[in-house]
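For reference, the structure is listed below as structure tokens.
The values are calculated or read from the model by the stated rules, or taken from the named source; none is laboratory data. Bear in mind that the values here come from a model prediction, so they are computed numbers and not experimental data. Note: ideal-geometry Cβ built from the backbone for every residue, glycine included; neighbour counts use all protein chains shown. Ligands, DNA and RNA are excluded from the accessible area calculation, which covers all protein heavy atoms including side chains. Shrake-Rupley method; radii C 1.70, N 1.55, O 1.52, S 1.80 Å.
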Amino acid sequence: MRQCATIAHRGPDSEGVFVDRDFAFGMRRLSIIDLNGSEQPIFSADGRHAIVFNGEIYNYRRLRDELAALGHCFGTRGDAEVILAAWRQWGAAAWNRLDGMFAVALWDRETRQLTLARDHVGIKPLYYMWQGGRLAFGSELKAVLSVDGLTFDPDPRAVHDYFSFGHVRGPRSIYSRVAVLPPGHILQLDAAGDPRTEAFWRARYESVGVRTEDAWVDEFRDTWISTVRSQMLAADVDVGAFLSGGVDSSAVVAAMARQSDRPIKTFTIGFAERAYDESGYAEAVARHLGCEHRTHRVDPQMAWAVLPELQRAYDEPFADPSAVPTWYLSRLAAQEVKVALSGDGGDELFFGYKRHLTERRIGALPPALRRGMRSFAELPPLPWAAGRAVMQRWQKTARSAALPNGAARFFAKTQITAPALRRRLFAGTPLEGRDREDSIVELVDEYYPNPDAISSDGLEQFAMADLELNLPSAMLTKVDRASMAHSLEVRVPMLSQAIVALALRMPAEIKLRNGVGKFPVRAAVAPWLPANFLDRRKQGFQIPLGRWFRDDFEAYARELWRDSGVAQSGLLNATTVDALFDEHRAGRRDHGRLLYALCIFCLWWLERPGR
């Protein structure tokens with residue numbers, strides 16, 4: 001089956017295909033649980049139902065025992081058969097019983113009904129396309145793109161998404177008729193009609209009674225230990241960990257080390273530029289916890305060299321530059337382990353980004369003052385370079401402060417380009433006019449028509465959008481494609497059902513306390529880490545884009561722009577793009593993020609179907 005071959009990297013260990021007249025599905029397996037069994041597809045005992053799935057279910061042993069007590073028999077020791085039995089037993093209610101990451105396809109041979117399901121927060125991807133009465137689906141776009149007889153046209157709205165946020169926002173993909181199944185949703189298709197999607201879970205904040213700070217910290221610590229243990233045990237292979245030296249990855253490794261009788265294998269990426277290199281902090285944590293640690297350093301030439309291969313792994317333009325170190329980190333880890341735990345999700349759940357603190361401070365300002373900040377946002381740039389970048393940052397904050405609610409400020413804060421810049425970029429193109437003054441409000445109307453239904457608290461509105469939109473479309477996409485390109489499974493304990501439920505119950509003032517985010521995480525794991533380790537400023541995987549585009553990388557990017565065909569496509573204003581290169585090189589403006597996004601877009605344009 002050709003479609004399976006396109007995603008062989010996601011499962012190099014075996015392939016399974018099932019054909020039932022005009023229906024077929026298949027999978028590639030990365031063997032993690034029940035190594036010599038659980039070959040997919042798996043069928044029910046009566047032969048009526050078949051399942052393929054990508055991911056892992058961490059509570060499968062407990063569910064199997066419960067289902068066995070109800071009369072179900074199992075022929076494997078894996079989790080795929082447990083999902084099938086759970087669905088047969090409980091129907092749609094089964095999805096909320098699964099603690100794990102999953103993209104599932106279930107086929108009913110009797111009713112000829114297909115059911116697709118994606119995990120609660122979107123750790124595992126699932127694309128689908130409905131065209132001409134045919135449904136195609138897959139874990140990556142390349143599987144869908146390989147189906148004969150379908151047409152794939154770039155979606156102008158998705159192109160606008162990309163140059164606004166650095167990625168395409170689900171449920172859209174870069175192609176107009178290919179969608180992403182939203183997290184926590186199922187899709188059903190039968191012979192009688194079109195596909196139907198519905199949610200089986202939505203993240204919502206809950207009001208709880210008054211509890212002490214210590215009680216919240218204790219509950220996080222207990223839940224965290226249990227969660228990490230379950231994700232370590234649900235594997236018949238060695239489990240390692242990504243270790244960046246930040247709070248969340250250090251919390252993962254510290255919890256693992258407390259529950260293992262062997263040194264944990266940990267992996268870190270460093271940078272040749274000292275100002276961007278955090279590998280020393282990771283190495284200090286690894287020494288403290290007795291880990292078996294490896295560090296690999298990336299220089300600019302290594303980053304440029306991998307961009308074409310990296311972009312092919314994502315199938316659509318993806319402009320987060322931290323995908324570069326994530327790619328190399330995954331390659332490093334895959335040399336020694338099949339599974340690695342990561343700290344992703346902690347910032348979104350426990351308000352760890354600087355933007356969350358900014359939102360809390362903005363929300364505390366009088367409404368009249370916030371509205372008045374728009375005037376400052378419209379001032380022309382300063383004439384001297386030293387203050388220009390600072391003013392740009394403050395103007396971005398001022399523009400978002402003038403918006404009516406936290407959801408609107410989320411869209412403003414997470415943009416990689418300002419609306420005024422996009423008006424230049426799309427002048428004279430089919431996207432001209434999309435960046436009006438009220439365009440942010442239109443985004444809120446599309447995704448959150450009633451922000452108060454999320455919460456009356458602006459910070460919680462902001463953070464919910466971070467959790468539901470940015471996390472699956474940006475962070476989790478980045479990690480999934482970079483890791484699976486190297487046949488490495490990455491698990492994210494912060495996004496277990498138990499931790500997510502705890503974070504949604506926890507008051508905002510506990511998560512963001514005295515100007516410091518992730519307070520319960522910090523307080524819970526501080527005794528396990530080196531003294532004062534958690535007091536330093538958050539950095540993350542940063543790349544010196546501004547300087548790169550004034551060095552040799554600029555020539556590479558200009559050549560891509562000129563030769564890829566994007567300059568002649570009419571999607572972007574070519575005169576503006578040339579001017580942006582010149583402005584950046586002269587130091588008049590920092591367009592590093594946009595020019596990186598342009599470079600990636602050109603690489604995607606070269607690889608797109610029908611080029």
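If each DSSP helix of 4+ residues adds -39,500 (n - 2.57) and the sum is divided by the residues in the chain, what number results at 222 nm, nearest 500 deg cm²/dmol? All intermediate terms of the calculation are to be shown ahead of the outcome.
Working: 26 runs with 260 residues, N = 611.
Mean residue ellipticity, 222 nm, calculated: -12500 deg cm²/dmol.
Need one value: the accessible area of W87 in square angstrom, 1.4 angstrom probe, rounded to the nearest 10.
40
Over all pairs of distinct alpha carbons, what does the Kirkwood formula give as the hydrodynamic radius of the stretch 76-219, in Å?
17.4
By the gyration tensor of its Cα atoms, with a ≥ b ≥ c the square roots of the eigenvalues, what is the shape of the stretch 268-370: rounded for a/c under 1.5, prolate for a/b over b/c, or oblate? Don't jump to the answer; show the numbers that get you there.
Working: a/c = 2.16, a/b = 1.52, b/c = 1.42.
Taking the square roots of the gyration eigenvalues as a ≥ b ≥ c, the stretch 268-370 is prolate.
For an R0 of 35 angstrom, estimate the FRET efficiency from the Cβ-Cβ distance between W394 and A272 and round to the nearest 0.05.
0.65
Working out 0.36 nm times the residue gap between K354 and E509, then minus their Cα-Cα distance, what length gain in nm do you get to one decimal?
Computed gain between K354 and E509 is 54.3 nm.
By its C-alpha gyration tensor, with a ≥ b ≥ c as the square roots of the eigenvalues, how is the stretch 174-283 shaped: rounded for a/c under 1.5, else prolate for a/b larger than b/c, else oblate?
prolate
Could you tell me the accessible area of F74 in Å² (1.4 Å probe, neighbours in place), rounded to the nearest ten?
Per-residue accessible area (F74): approximately 60 Å².
Heavy-atom accessible area of T76 with all protein chains present, probe 1.4 Å, nearest 10 Å²?
30
Could you tell me which of Q3, I42, T197 has its Cα farthest along the dipole of the chain towards the positive end, charges placed at Cβ (Lys, Arg +1; Asp, Glu -1), taken about the Cα centre?
Checking the options against the dipole of the chain, the answer is T197.
Need the C-alpha centroid separation for the stretch 270-339 versus the stretch 142-191, integer Å.
28
At a Cα cut-off below 17 Å, give the aspartates and glutamates reachable from K265, other chains included and same-chain residues fewer than 8 away excluded.
The qualifying aspartates and glutamates are D236, D238, D248, E283, E292, E336, E489.
Report the paramagnetic label zone for S176: residues of the stretch 410-442 whose backbone N is under 18 Å from a point 7 Å from Cα along the Cα-to-Cβ axis.
Answer for the stretch 410-442: 429-434.
Starting with the highest mean, order 179-186, 560-567, 578-585 by the number of other Cβ atoms within 10 Å, averaged over the residues of each peptide.
Peptide ranking by packing, descending: 179-186, 560-567, 578-585.
Would you mind giving the three semi-axes, in whole Å and largest first, of the ellipsoid equivalent to the chain according to its Cα gyration tensor?
37, 30, 25
Could you grab the relative contact order for the chain? Cα pairs under 8 Å, six or more apart, rounded to a whole percent.
16
Subtract the Cα-Cα distance of R562 and R62 from 0.36 nm times their separation in residues, and report this length gain in nm to one decimal.
174.3 nm
Grab the Cα-Cα distance for E219 and L233, subtract it from 0.36 nm times how many residues apart they are, and report the gain in nm with one decimal.
2.9 nm
Using the Cβ atoms and a cut-off under 12 Å, what net charge is assigned to the surroundings of R436, where Lys and Arg are +1 and Asp and Glu are -1?
The answer is -2.
Could you pull out every one of the lysines with an alpha carbon less than 24 Å from that of K142, ignoring same-chain neighbours closer than 8 positions?
Correct list for K142: K124, K338, K478.
Towards the positive end of the charge dipole of the stretch 53-163, with charges on Cβ (+1 Lys, Arg; -1 Asp, Glu), say which of Y60, V159, L106 has the farthest Cα.
Y60
Can you work out the FRET efficiency for the pair E554 and D445, with r the C-beta to C-beta distance and R0 = 41 Å, to the nearest 0.05?
Here the calculated transfer efficiency is 0.55.
Set the Förster radius R0 to 60 Å, insert the Cβ-Cβ distance between S456 and N36 as r into 1/(1 + (r/R0)^6), and round the FRET efficiency to 0.05.
0.65
Hey, what did the stretch 138-281 get for relative contact order, percent, Cα under 8 Å, at least 6 apart?
Relative contact order here is 11 percent.
For the stretch 84-118 and the stretch 552-611, what is the separation of their Cα centres, given in Å?
44
Quick check: the distance between the Cα centres of the stretch 1-26 and the stretch 486-514, to the nearest angstrom?
33
Would you work out if the stretch 1-133 is rounded, prolate or oblate? Take a ≥ b ≥ c from the square roots of the eigenvalues of the alpha-carbon gyration tensor; rounded if a/c is under 1.5, else prolate when a/b is larger than b/c, oblate otherwise.
rounded
Which helices count as membrane-span-like in the chain under these terms: full DSSP H, at least 20 Å along the axis by C-alpha, Kyte-Doolittle mean of -0.5 or more?
Helices passing the filter in the chain: 300-314, 592-607.
Roughly how many nanometres apart are two label points built 7 Å out from the Cα toward the Cβ at S260 and A24?
With each label placed 7 Å out from Cα toward Cβ, I get 4.2 nm.
Suppose we keep just the DSSP beta bridges with both residues in the chain; what percent of those would be antiparallel, to 5? Present the calculation step by step, with values, prior to reporting the outcome.
Details: 43 of 59 bridges.
Around 75 percent antiparallel, to the nearest 5.
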